[in-house]
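First up is the structure itself, then whatever we jot down about it.
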Amino acid sequence: DTGVSQDPRHKITKRGQNVTFRCDPISEHNRLYWYRQTLGQGPEFLTYFQNEAQLEKSRLLSDRFSAERPKGSFSTLEIQRTEQGDSAMYLCASSGVREASSYEQYFGPGTRLTVT
Amino acid sequence: GDSVTQMEGPVTLSEEAFLTINCTYTATGYPSLFWYVQYPGEGLQLLLKATKADDKGSNKGFEATYRKETTSFHLEKGSVQVSDSAVYFCALAEGNFNKFYFGSGTKLNVKP
């Protein structure tokens, strides 16, 4: 069990560029979550997948943000036309199939995005 | 909408002191409540949870009781150690665990 991994760990981009982040959850986990965390704040929920289905999206997720989980395994989060306000840590978490453990999220190390 | 409010930090204590970190919540349904911890240089990890009113979650000497009447889930530990220095996040999840809401975090510094 290698845990939740995220790639890249750091991304610096210029305003207006598109960026894509990848999350690989723990292999048997069917639930996958994306969060955004800014300095001094807690994680803000962005979206949730159960297998390949995107079941929840936050109002925070503007039309410049899109997430996919095409085969129910890894997920990508794309931000189009980045803005300086998008600078944050983007966290991915996954949790298991069994009802008894479906609440226990395992977090990845995050991707830190800096928009210049 | 649902939300979590927790006390601002940092909280600085001496080793073996008693710890309380306050957390209150607003929810329309019957949420589950959690405390997560983030040690320096590490990712968030679940510390404890409670899924219904009057449940007490406990782990590593930390405890929190789900109080529906006061909409609270305060974190307590009787005797903190230097190794407990971390940021603590209170969180709630809607009944089906499809969406989680986190507080802003409370940084705890424990001095020897």
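The values are calculated or read from the model by the stated rules, or taken from the named source; none is laboratory data. Bear in mind that the values here come from a model prediction, so they are computed numbers and not experimental data. Cβ placement follows ideal geometry from the backbone for every residue including glycine, while neighbour counts extend to all protein chains displayed. Just so you know, the surface numbers come from the protein's heavy atoms only, side chains and all, with ligands and any DNA or RNA stripped out. Shrake-Rupley method; radii C 1.70, N 1.55, O 1.52, S 1.80 Å.
Highlighted here are the strands (runs of 3 or more DSSP E) found entirely within the stretch B:1-107 that include at least 3 residues which are within 14 Å of the chain's Cα centre (by Cα) and of a type in the set (F, W, Y): B:32-38, B:100-102. You will find that of B:F18, B:F89, the residue that is under 29 Å from A:Q54 (Cα atoms) and either out of contact with any Asp or Glu (no Cβ under 6 Å at 6 or more places or on another chain) or not basic (K, R) (or both) is B:F89 and no other. The combined condition, being under 11 Å from the mean Cα position of the chain (by Cα), open to solvent by 40 Å² or more (accessible area, probe 1.4 Å) and within 12 Å of another protein chain (Cβ to nearest Cβ), is fulfilled by A:E44.
A quick yes/no check of all residues on (1) within 12 Å of another protein chain (Cβ to nearest Cβ); (2) open to solvent by less than 40 Å² (accessible area, probe 1.4 Å); (3) of a type in the set (S, T, Y):
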| site | (1), (2), (3) |
| --- | --- |
| B:G41 | yes, no, no |
| B:G57 | yes, yes, no |
| B:S72 | no, yes, yes |
| B:S85 | no, yes, yes |
| B:A93 | yes, yes, no |
| B:L108 | no, yes, no |
| B:P112 | no, no, no |
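Against the definition (within 12 Å of another protein chain (Cβ to nearest Cβ) and either touching a helix residue (DSSP H, G or I) at 6+ places or on another chain (Cβ under 9 Å) or at positive phi (or both)), how does A:R36 come out, yes or no? Against the criterion (within 12 Å of another protein chain (Cβ to nearest Cβ) and either touching a helix residue (DSSP H, G or I) at 6+ places or on another chain (Cβ under 9 Å) or at positive phi (or both)), A:R36 qualifies. The set of residues from the stretch A:7-49 being out of contact with any Pro (no Cβ under 6 Å at 6 or more places or on another chain) and polar (S, T, N, Q) comprises A:T13, A:Q17, A:N18, A:T20, A:S27, A:N30, A:T38, A:Q41, A:T47.
When the stretch B:1-34 is limited to residues that are among the aromatic types (F, W, Y) and in contact with a strand residue (DSSP E or B) (Cβ under 6 Å, 6 or more places away or on another chain), the one that is nearest to B:G57 (Cα to Cα) turns out to be B:F34. The residues of the stretch B:43-55 that are more than 11 Å from every other protein chain (Cβ to nearest Cβ) and of a type in the set (G, A, S) amount to a single one, B:A53.
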